[in-house]
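Structure in structure tokens, see below.
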Amino acid sequence: MSLAFCGNENNSLAYNVDRGVLNNGCFLDALNVVPHIFLLFITFPILFIGWGSQSSKVHIHHSTWLHFPGHNLRWLLTFILLFVLVCEIAEGIVSDGFTQSLHLHLYMPAGLAFMAGITSIIYYHNIETSNFPKLLLALLFYWVLAFLMKTIKFAKYTEHSVGLRQLRYCITGLLALLYGLLLAVEINVILGRRYLCFTEATEVKPPEDLQDLGVRFLQPFVNLLSKATYWWMNTFITAAHCRPIDLKVIGKLPIAMRALTNYLKLRKAFESQRGPKWIWRALRQAFGRPLIISITFRFLADLLGFAGPLCISGIVHHISKDNRTIQPPIKLLGVYFISSQEFLANAYVLAVLLFFALILQRTFLQASYYVAIETGINLRGAIQTKIYNKIMRLCTSNMSMGELTVGQICNLVAIDTNQLMWFFFLCPNLWAMPVQIIVGVILLYYLLGISALIGATVIAVLAPVQYFVATKLSQAQKSTLEYSSERLKKTNELLRGIKLLKLYAWEHIFCHSVEETRDKELTSLQTFALYTSISIFMNAAIPIAAVLTTFVVHVHISEEADLSPAVAFASLSLFHILVTPLFLLSSVVRSTVKALVSAQKLSEFFSSDEIGDEQEPNATMPTGPSNHKTIPSCPRNHNNKYQAVVSTQLSHNVLRTLCFLELVESVVITSGYFTWTDGTPTLSNINSKVPFGQLTMIVGQVGCGKSSLLLAALGEMQRGGAVAIPGGDTARQDALDCVSVEVCEKRGSVAYASQKPWLLNATLVENITFEMPMIKPRYKAVIEACSLQPDIDILPQGDLTEIGERGIILSGGQRQRIGVARALYQQTNVVLLDDPFSALDIHLSDHLMQEGICKLLREEKRTVVLVTHKLQYLPHADWIIAMKDGTIQTEGTLKDIQNSDPKLFEQWKTLMHRQDGEFEKETVAESMTVLERKNLRRAMYSKEAAKTEEEHEEESVESEVDDSLSQAMRHRTTIPWRSCGVYLSSAGLLLPLLLLSQLFKHTLMVAIDYWLAHWTSHVITAKMDATGRNCTVAQVRGVGTPVAYPYRVFSVLCCLGIVLCLVTSVAVEWTGLRVAKELHHNLLSKIILAPMRLFETTPLGNILNRFSSDTNTIDQHIPATLECLSRSTLLCVSALGVISYVTPVFLIALVPLAIACYFIQKYFRVASRDLQQLEDSTQLPLLSHFSETVEGLTTIRAFRYESRFRQRLLEYTDANNIASLFLTAANRWLEVRMEYVGACVVLIAAVASISNSLYNHLSTGLVGLGLTYALMVSNYLNWMVRNLADMEVQLGSVKRINGLLKTEPENYEGLMAASQVPDGWPRQGEIQIQNLSVRYDTTLKPVLKQVNAHISPGQKVGICGRTGSGKSSFSLAFFRMVDMFEGRIIIDDIDIAKLPLQTLRSRFSIILQDPILFSGTIRFNLDPEMKATDDMLWEALEIAQLKPVVKTLPGGLDAMVTEGGENFSQGQRQLFCLARAFVRKSSILIMDEATASIDMATESILQKVVMTAFADRTVVTIAHRVHTILNADLVIVMKRGIILEYDRPQALLEKEDSVFAAFVKADK
């Protein structure tokens, strides 16, 4: 075929210019080439050579500064222009197909125009980001020329009667309009930026975000193409492959997305709304606009989604043999013109249109998702900030009276804000679903007639069933959660008491208890799995059932029914589209209901009582309108000695006040009534004054209102009465006038230490300095005053150790001293201390009183108000306030009270004397505090080995060696196949069933569709035969194959498919259940049998996490992800297989597409995992900050640190939100790319199958089949990668559990069988220790070295020594809890190393230092084995002096013990442990510092009991108070793992150089 611009046919009219050149079609096309050539020649040198001087470029961090007017409109018009130009090229090619020679002028100008269009937008983008507006002149000339040329062409077409019926006429008109609009946009830039025709250009500055180097989330700032394809994320995602993503990498949020900005927007909306549904109206006002954009995008995407089935129908219809009629085109102006109908009848045109429709549909869909999710995240941040601001102004009474708990508030933050966010995510579905269903049903009706309605009815009828299943799923999940919580509670108790359980050989009893709860949980999980499998089954089976019903009815309704491949496969695609919204319906409805409930909860919370007006989270932001009138502070006499600012707010005629001020000299409360609720006042008739710069003590009995008085002073209570400031009647009247008006808060900061110590989740030094600058000398003085240095020395990182909820667990006394240290460190004029000595022993109290309060605070002349029960400190007080029953009994100096109330003074004197007596009794050597430190040291024991998995990962990443870094990076990019193997191997015999059912199901799915192709092609052949024989289709059917045969086979295949769907869905869930059961059982068994070393070197939280979050992931998440992954993978594989079978040439194109997919998923998986972990890790500090604030609300408000805490909240919220936004953008990045790859698959498959059909006579049914499967690939490709990424994260749980499963258990077997051990052993209780050496681990040094001892039957032996001397190791050796690598212990002639471990431990009794009780009955706590009778239990309780206590309890022995025995005192708990030891009646009792944490009275009871009840038994006592073993028969003194002294106590005391004697002297 020859080639020429205007064609070279004989008598060609294309060269005829008799009527003028402008009347020649070819010349008009040639004229249109000019503008494009001009632009390409002008812009290419500028683009490729560079800009030359960069002087006018504004230097900013990002090259995304888009500041020319009409920016987005230009991009939009350019996209439309490019699409219309593609249509023009296609129209030219189709028109040219009717001639012998090629007419280049029909499509070459359009091709050049397409190149010029792309060049124009690239050129514009470079100029805009480089800020060179003058270079836009080239574009101005181009638009003018292009507009003129197209207008001339359009005018000439109109003149020669070319009309709307010809497609080229419409395209030319449209192009003229687009060029005109682009010209208008260009002129608008000139007017906006004034770079031409104006003397001065407009100066513009980049937005603040782009000038900030920290802002790296660029979605709001990039151009339209980058926005749509997330192109700006490329560098971010590829960089993640080389370096892990952390908060530094993702940077800060843009200002418009920050929590503060969104909060201000929400607050403004809240203030303008009132009425019943005000919260919804406010949310709509604040965040409705982006939601409408999201819904619009969703509508467009859903409408474009129907292009797929329609194009398939058109393509198959076009290439079917009965449809190849070609009408000759019309020839005008020497050029051929075709109509739009003829254009759209071309199969190749439809293939290209399908490609563009898919690209657009996916782009709009992802844009809709992104906008909805971004809006939801912004909303969540705003509501969380709103909740936090509300917390800051909550009345403390709401908390103390139980109206609001920390748990409820945390639920509002963690659950309810997320419910609203999810509602916003799913909101576009709510509007789009009805449209999708209506359009789908109309198109089905158009294709199939009445039978389509029957198929749609099948789907509609099954939709409520789906909703019912979803509801049941939700219920099953709730019940599973309840059992899961109960199991976790039991597991937590088991792990916390593991030492006791091992020592008493009770681990199997508790293990069985956990297993029982786990069985209940698994029963609930079975229900959950059943409904999940029904849901999966319905998802897969409903389309098959609908298609089967429709096609069978369609064939039966009419004998002439035309079930051609075009109709069949278009219908098949439509059914798949139609099923999606109906499945979404259940989750959307559930989400809506939850959102309504959450909104109601939030509404109630926002309307609860508060103190003060809503303040800005950041002082730099402008203040919004307020409903409250504010006036300056009260008028006052400035010459007055007593100056104050009273701050009050009127609420329900009850006033709240803040009356302690930073510059207060004295405050007088006159007739003050303070109450927590609107009921009876807690404090009444309060008349008091606090002198400036002096120590005021508030004393009184428990519950008399001492703490309430402090809180009233801090403004935490509702107030009635009047506060008067002394200094004359005028001042008093002024103050009273002020009380009646609302006044803004002016009180300064007050240092306050609450009764219940409150710690931040921060380092110890941050807890003490509390936002104040570090002043080293002051800090040291405070540490010394609070005796914190010894505690700091024990901590792993000293005062930089993390404490609080997520850090090291401290004792009550340590926590209290840190709280007091915080108050002392602050440089405020007023210090309020609420019972700071309650958890401290007498030495510490004394030291704190002398060094901290009397010395440090007095020297600084600070006003100190101290609430205390320690009356011996009253002589130190300058002023005393004595409280009784909510009123002030008396006040004054100690001398005043001695004179005015001698009776009260005498009472105090008696109590003071008694407390001094106690002081004398208290030991000096090893007080409570020393023991606290010892416990802390034990908790820190072998911290080197206690590496968490996170630390291991950090070490591998941050290692200095490059090799290990690259190795860690390689590890991050590989899928954990080993964990996958562990998971699947745990499934046992269910694994082959799962694999076979999945393979059979997908094979059958392909078979169904293949048979449909065969059947429909057969119908077409029959129709052609009928046409050839001049008879009806029915007659041909009668001659050929029976009509029933094809659809019977189809029906059988469909029914088999439905059955296999059920089998696979059940197999997946049951496999998941089996694995969950197996892994948890193995984990629990391993943990129970693990040596104590594991629990000492692994943080308890880590082990507990394996049982909680990791087990939950394996129980509920992995099966669903596995099902999704296998389904999407097999669908993609089967689809690619079918396309390759239909058109083998597709395999060539598959290679580059597969390579593209591989790299996309490789980069995405790494980034996705990092971002998921980052999102989870940023959520913890946020939730923790909320609970921390609620618990320390009074302290924060006293210190006046609200703004600082608000600022911190904003930082936490923004950190969590930016991680969520980056994760969303990464997901969209993946989906856009995968769906574009899918669109390419569709285009290649369509073009290849059309060519194959036209030239190789491929059956039309197979073409339809290939195209339907190609569409499926585009749907499931991104699901495959997303599920692969999720699976990778979730398999981390299996990996962590598998790590614990590798733990070597203790050797429970012995050389002797349990039956060989005599029944009553040990009867005598004789102990021989021969050359014994012991260590905690094979890698550690020995803690006992070649110890020899002999203990006779019934002897009472005391072991003493300094901390770390090996006393406890000595006791643990009897139970083989440590590694006895040398020597032996012989008890009653049997070497304990030969005994089975369970038998050995069950024959001894031990009382540990920490009393451990378990939740359950008292009976269960004394005898979990249920061997003892009631009489034996009562006898044990009587011996332990507990019988009267237990008798009074409801239920007696069956009375409940709460978790940890919290409903009993420390002393009572220790006595229960004694009773427990007595119940066992073993002849050997070991007491490991059993009296360390109890008071003197309880200790004396315990010692008496041991001497009498255990008189005939061997008792080994490890003592910390040496006087407790003075009555022992034998004393062993230990030092550094060896026996230093070994004799009777009297003999040792007589020796002058005896270490024991030195201990006894120190203990007196």
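The values are calculated or read from the model by the stated rules, or taken from the named source; none is laboratory data. Nothing here was measured: the structure is a model prediction, and the numbers come from that model. Positions of Cβ are generated from backbone atoms using ideal geometry, with glycine treated the same way; all protein chains shown enter the neighbour counts. Remember, those area values only see protein heavy atoms, side chains included, never the ligands or the DNA or RNA. Shrake-Rupley method; radii C 1.70, N 1.55, O 1.52, S 1.80 Å.
Looking at L1104, is it touching a residue at least 40 places away in the same chain (Cβ under 8 Å), within 25 Å of F528 (Cβ to Cβ) and either open to solvent by 30 Å² or more (accessible area, probe 1.4 Å) or of a type in the set (F, W, Y) (or both)?
Yes.
What residue, among those in segment 384-421 that are in a helix (DSSP H, G or I) and touching an Asp or Glu at 6+ places or on another chain (Cβ under 8 Å), is modelled with the lowest pLDDT? So that I can check it myself, show each step before the final result.
First pass over segment 384-421, keeping only residues in a helix (DSSP H, G or I): 384-392, 396-400, 406-421.
Then drop every residue that is not touching an Asp or Glu at 6+ places or on another chain (Cβ under 8 Å), which leaves 389-390, 392, 396-398, 406.
Working: N389: 90, K390: 89, M392: 87, T396: 71, S397: 65, N398: 60, V406: 73.
Among them, the one singled out is N398.
Scan I93, I118 and give me the residue that is open to solvent by 40 Å² or more (accessible area, probe 1.4 Å), of a type in the set (A, V, I, L, M) and under 17 Å from C170 (Cα atoms).
Step by step, each of I93, I118 is checked, and only I93 is open to solvent by 40 Å² or more (accessible area, probe 1.4 Å), of a type in the set (A, V, I, L, M) and under 17 Å from C170 (Cα atoms).
Please indicate, with yes or no, whether at least one residue in segment 206-223 is in contact with a Lys or Arg (Cβ under 7 Å, 6 or more places away or on another chain), farther than 30 Å from D1170 by Cβ and open to solvent by less than 20 Å² (accessible area, probe 1.4 Å).
Within segment 206-223, not a single residue is in contact with a Lys or Arg (Cβ under 7 Å, 6 or more places away or on another chain), farther than 30 Å from D1170 by Cβ and open to solvent by less than 20 Å² (accessible area, probe 1.4 Å).
Test L177 against the stated conditions and say whether it is at negative phi and in contact (Cβ under 8 Å) with a residue 12 or more places away in the chain. Quick ask: steps written out before the conclusion?
Working: at negative phi: yes; in contact (Cβ under 8 Å) with a residue 12 or more places away in the chain: no.
Considered against the rule, which asks whether it is at negative phi and in contact (Cβ under 8 Å) with a residue 12 or more places away in the chain, L177 comes out as no.
Hey, another quick one. Could you please find all residues in segment 1322-1369 being in a loop (DSSP other than H, G, I, E, B), under 16 Å from V1515 (Cα atoms) and under 56 Å from the mean Cα position of the chain (by Cα)?
Passing the criteria: only P1322.
While we're looking at this one, here's another question. Could you grab me the full set of residues in segment 1132-1156 that are open to solvent by less than 30 Å² (accessible area, probe 1.4 Å) and under 25 Å from T1064 (Cβ atoms)? Show your work before the answer.
Step one: of segment 1132-1156, the residues open to solvent by less than 30 Å² (accessible area, probe 1.4 Å) are 1132, 1134-1135, 1138-1140, 1142-1143, 1146, 1149, 1153.
Residues satisfying the conditions are C1132, S1134, A1135, V1138, I1139, S1140.
Only one residue in L1258, L1230 is outside any helix (DSSP H, G or I), of a type in the set (A, V, I, L, M) and in contact (Cβ under 8 Å) with a residue 12 or more places away in the chain, so which one is that?
On the way: L1230 fails: outside any helix (DSSP H, G or I).
On inspection, the qualifying residue turns out to be L1258.
Taking segment 1525-1546 on its own, how many of its residues are open to solvent by less than 20 Å² (accessible area, probe 1.4 Å) and either part of a helix (DSSP H, G or I) or among the hydroxyl-bearing types (S, T, Y) (or both)? Talk me through it step by step, then tell me what you get.
Step one: of segment 1525-1546, the residues open to solvent by less than 20 Å² (accessible area, probe 1.4 Å) are 1525, 1528, 1530-1534, 1537, 1545.
Okay, now just the ones that are also either part of a helix (DSSP H, G or I) or among the hydroxyl-bearing types (S, T, Y) (or both), so 1525, 1545.
Residues meeting the conditions: 2.
This table checks each residue for (1) assigned to a loop (DSSP other than H, G, I, E, B); (2) within 30 Å of the chain's Cα centre (by Cα); (3) within 17 Å of A546 (Cβ to Cβ); (4) at pLDDT 85 or above.
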{"site": "T1041", "(1), (2), (3), (4)": "yes, no, no, no"}
{"site": "Y1047", "(1), (2), (3), (4)": "no, no, yes, no"}
{"site": "I1058", "(1), (2), (3), (4)": "no, no, yes, yes"}
{"site": "V1063", "(1), (2), (3), (4)": "no, no, no, yes"}
{"site": "T1071", "(1), (2), (3), (4)": "no, yes, no, yes"}
{"site": "V1075", "(1), (2), (3), (4)": "no, yes, no, yes"}
{"site": "H1080", "(1), (2), (3), (4)": "no, yes, no, yes"}
{"site": "K1086", "(1), (2), (3), (4)": "no, yes, no, yes"}
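Next question. Looking only at helices (runs of 4 or more DSSP H) that lie completely in segment 253-355, which have at least 2 residues being open to solvent by 50 Å² or more (accessible area, probe 1.4 Å) and either more than 18 Å from S95 (Cβ to Cβ) or modelled with pLDDT of 85 or more (or both)?
Qualifying helices (runs of 4 or more DSSP H): 259-271, 278-305, 307-319.
Kindly indicate which of Q1346, Q1324 is on the phi > 0 side of the Ramachandran plot, of a type outside the set (D, E), open to solvent by 90 Å² or more (accessible area, probe 1.4 Å) and modelled with pLDDT of 80 or more.
One residue alone meets the criteria, Q1346.
L494: farther than 22 Å from L1053 by Cα, in contact (Cβ under 8 Å) with a residue 12 or more places away in the chain, touching a strand residue (DSSP E or B) at 6+ places or on another chain (Cβ under 6 Å) and not in a loop (DSSP other than H, G, I, E, B), yes or no?
No; evaluated as a whole, the condition is false for this residue.
Any idea how many residues of segment 1228-1284 are open to solvent by less than 10 Å² (accessible area, probe 1.4 Å) and among the aliphatic types (A, V, I, L, M)?
The qualifying residues number 15.
Here are some residues: V547, V567, V593. Which one is surrounded by fewer than 19 Cβ atoms within 10 Å (Cβ to Cβ) and modelled with pLDDT of 80 or more?
That would be V593, the only listed residue that is surrounded by fewer than 19 Cβ atoms within 10 Å (Cβ to Cβ) and modelled with pLDDT of 80 or more.
Something else: Taking F154 as the residue in question, decide whether it is modelled with pLDDT of 80 or more and in a loop (DSSP other than H, G, I, E, B).
Against the criterion (modelled with pLDDT of 80 or more and in a loop (DSSP other than H, G, I, E, B)), F154 does not qualify.
Next question. Can you confirm whether segment 1522-1538 contains a residue that is among the hydrophobic types (A, V, I, L, M, F, W, C), at pLDDT 85 or above and more than 29 Å from F1478 (Cβ to Cβ)?
Checked segment 1522-1538: at least one residue is among the hydrophobic types (A, V, I, L, M, F, W, C), at pLDDT 85 or above and more than 29 Å from F1478 (Cβ to Cβ).
For segment 1410-1442, which positions are assigned to a loop (DSSP other than H, G, I, E, B), among the hydrophobic types (A, V, I, L, M, F, W, C), without any contact (Cβ under 8 Å) to a residue 40 or more places away in the chain and surrounded by fewer than 20 Cβ atoms within 10 Å (Cβ to Cβ)?
Scanning segment 1410-1442 gives a single hit, M1426.
Take L1340 and tell me if it is in contact (Cβ under 8 Å) with a residue 24 or more places away in the chain, among the aliphatic types (A, V, I, L, M) and open to solvent by 20 Å² or more (accessible area, probe 1.4 Å). Give the steps one after another, and end with the answer.
On the way: in contact (Cβ under 8 Å) with a residue 24 or more places away in the chain: yes; among the aliphatic types (A, V, I, L, M): yes; open to solvent by 20 Å² or more (accessible area, probe 1.4 Å): yes.
So L1340 passes the test.
Another question, if that's okay. Listed residues V723, V750; which is among the β-branched types (V, I, T), modelled with pLDDT under 50 and touching a Ser or Thr at 6+ places or on another chain (Cβ under 8 Å)?
When all the criteria are applied, what remains is V723.
Follow-up. Within segment 1338-1375, restricting attention to residues that are among the polar types (S, T, N, Q) and touching a Lys or Arg at 6+ places or on another chain (Cβ under 6 Å), which residue is nearest to L1530 (Cα to Cα)?
Here is the first cut: in segment 1338-1375, the residues among the polar types (S, T, N, Q) are 1338-1339, 1346, 1348, 1352, 1355, 1363, 1365, 1368-1369, 1371.
When the remaining residues are screened for being touching a Lys or Arg at 6+ places or on another chain (Cβ under 6 Å), the result is 1363, 1365.
Values: T1363: 20, S1365: 18 Å.
For segment 1338-1375, the residue satisfying everything is S1365.
Pick from segment 526-544 the residues that are touching a Leu at 6+ places or on another chain (Cβ under 6 Å) and open to solvent by less than 40 Å² (accessible area, probe 1.4 Å): which of them is modelled with the lowest pLDDT?
Among those residues, the one meeting the criterion is I542.
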